[in-house]
Amino acid sequence: MGEVKVHALRGIDLDIHKGDFTAIMGSSGSGKSTFMNILGCLDVATTGQYLLDGVDISKLDRDELAALRNHKIGFVFQSFNLLPRTSALENVELPLMYNKGVSNKYRIERSMEALKAVGLADRAHHLPNQLSGGQQQRVAIARSLVNDPKMVLADEPTGNLDTHTSVEVMDIFQRLNEESGITVVLVTHEHDIAQYASKNVVFKDGKISEQLAVDNRRKAREELSHISTIEEDNQ
């Protein structure tokens, strides 16, 4: 910034293991977004080393980084980032379109499998404006899964959702993590959402201030069952 050098991150040392579910927390300007951009191979650190699945990303060129992102990382955003005039199925297909070795038949089948995994197979041909906010986020999660990634990065995925829908989305992340072994890294400013993860990492002024294992971890599936019971009793 002019003559002023701003260090977004300083001396970060963190291991995220295969199958972890980690929530990244911190106030605005703490460095968590920069950290996620590095994890997602969107940015490369000025100094230091980042190993993704054993690969040092600092040694990769632009095309190699793009290929790594496409094959090993799934992205989920707060604003969904769906193409408005494209069906749910076609939105999910998008990452596979960059893979020249994939046939049309496989692309459609794999995309339907991803939609089925998030409970939206029956909405495959709906446009985003025909879906609720929670359903749009499910489409975005399905899109992040279509390339069978090693890791899913979710940036405030419940930020635009109501409480019930947020629990449904966290249930999907927990199931993917526990049943499929997908590594999940979640950025959130909501402490209650962070309790669905198994570990919380707190950033402050570009450094990690805390790393905490989550005690009494929230179970989304149990909460949804409880919510359904209450709704039935109130009918």
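Any read-out appearing in this document is the output of simple, stated calculations on the displayed coordinates, not a laboratory observation. Everything quoted here is computed from the prediction, not taken from an experiment. Using ideal geometry, Cβ is built from the backbone for each residue, glycine included, and neighbour counts are taken over all protein chains shown.
Report the percentage of all Cα-Cα pairs in the chain whose separation exceeds 33 Å, rounded to a whole percent. Result: 19 percent of Cα pairs exceed 33 Å. Note on residue 178 and residue 106: their simple-model spin labels are 3.2 nm apart, each label 7 Å out from Cα toward Cβ.
What the phi angles of the range 121-137 give under the Karplus curve with 6.51, -1.76 and 1.60, with θ = phi - 60°, is a coupling list of 4, 7, 10, 4, 9, 7, 7, x, 6, 9, 10, 6, x, x, 5, 4, 5 Hz, glycine and proline written as x.
Mean separation of Cα pairs under 8 Å and 6 or more residues apart, divided by the residue count, gives the chain a relative contact order of 31 percent. Residue by residue, the range 72-86 carries 3J(HN,Hα) couplings of 10, 10, x, 10, 10, 10, 4, 8, 6, 6, 8, 6, x, 9, 10 Hz when phi is fed to the Karplus relation 6.51 cos²θ - 1.76 cosθ + 1.60 (θ = phi - 60°); x denotes Gly or Pro. Dipole check for the chain: with +1 at the C-beta of Lys and Arg, -1 at the C-beta of Asp and Glu, and the Cα centre as origin, the magnitude is about 720 Debye. Karplus-derived 3J(HN,Hα) values for the range 206-219, using 6.51 cos²θ - 1.76 cosθ + 1.60 with θ = phi - 60°, are x, 10, 7, 8, 8, 10, 10, 6, 8, 8, 6, 4, 6, 10 Hz; glycine and proline are entered as x. Arranged from fewest to most other beta-carbon atoms within 10 Å of their beta carbon, 175, 143 become 175, 143. When only alpha carbons are used to place a centre, the range 150-164 and the range 73-108 end up 18 Å from one another.
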